[in-house]
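Shown next, in structure tokens, is the structure this report addresses.
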Amino acid sequence: NNEAHFDGATFNNFAGFGETAFNNFAGFGKTAFNDIAHFGKATFTGNVDFGGAEFSEKADFWSAEFSGDANFNDSYFKKYAPTFAEGSDAARFSNRVIWADSNFSVRSGSQPIKPGDATLDGKTFRIPIGAVIFNPDSWDEEIKKYTHISDPAK
């Protein structure tokens, strides 16, 4: 079934998942990232679970694509809030998922995932500030981009 399960794993050094394509469920629940966790440009086609994961250093998700449900509930960011946008490289969240504060409610004492509002087709979504909402059906093969995308969440 090609699922990726890292639940409960410990990464003591740099965890580089940048540009990785997770085509089904990706589980990082209760995973310990003791160094930088890099998910920039990763693609999560299925659901992804970071519930209860602990990030001791920087965690970046800029330009990551979330087509399924993304659960960060009860995750813990020790020193730095996670990065979902860097310049014009914004994480993308699908308009097919009901995004709610509960998706991004971190553990008490954690650095926050700051939520903002992004609107697409008259519907407002609660996602991390700087990230965008996209319509997965709007992929343009010629220009290699999604053409139906919101302004960054504010």
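Mind listing whichever residues of segment 63-117 are out of contact with any Ser or Thr (no Cβ under 6 Å at 6 or more places or on another chain), among the polar types (S, T, N, Q) and under 17 Å from Asp49 (Cβ atoms)?
Within segment 63-117, Asn71, Ser75, Ser102, Asn103, Ser105, Ser110 qualify.
Specify which of the listed residues (Gly68, Gly52, Gly40) is on the phi > 0 side of the Ramachandran plot and in contact with a Gly (Cβ under 6 Å, 6 or more places away or on another chain).
One residue alone meets the criteria, Gly52.
Here are Ser63, Ser67: which of them is open to solvent by less than 40 Å² (accessible area, probe 1.4 Å), touching a residue at least 60 places away in the same chain (Cβ under 8 Å), under 19 Å from Pro136 (Cβ atoms) and of a type in the set (Gly, Ala, Ser)?
Step by step, each of Ser63, Ser67 is checked, and only Ser67 is open to solvent by less than 40 Å² (accessible area, probe 1.4 Å), touching a residue at least 60 places away in the same chain (Cβ under 8 Å), under 19 Å from Pro136 (Cβ atoms) and of a type in the set (Gly, Ala, Ser).
Counting only residues that are surrounded by 15 or more Cβ atoms within 10 Å (Cβ to Cβ), assigned to a loop (DSSP other than H, G, I, E, B) and polar (S, T, N, Q), how many does segment 77-122 have?
Matching residues across segment 77-122 total 4.
Could you identify the single residue in Thr31, Thr10 that is farther than 24 Å from Tyr146 by Cβ, open to solvent by less than 30 Å² (accessible area, probe 1.4 Å) and hydroxyl-bearing (Ser, Thr, Tyr)?
Thr31
Considering only segment 123-154, state which residues are part of a loop (DSSP other than H, G, I, E, B) and without any contact (Cβ under 8 Å) to a residue 24 or more places away in the chain.
Glu141, Glu142, Ile143, Lys144, Thr147
The values are calculated or read from the model by the stated rules, or taken from the named source; none is laboratory data. Please read these numbers as outputs of a predicted model, since none were measured by experiment. Note that each Cβ is placed from the backbone with ideal geometry, even for glycine, and that neighbours are counted across all protein chains shown. Calculation scope for accessible area: heavy atoms of the full protein, side chains included, ligands and nucleic acids excluded. Shrake-Rupley method; radii C 1.70, N 1.55, O 1.52, S 1.80 Å.
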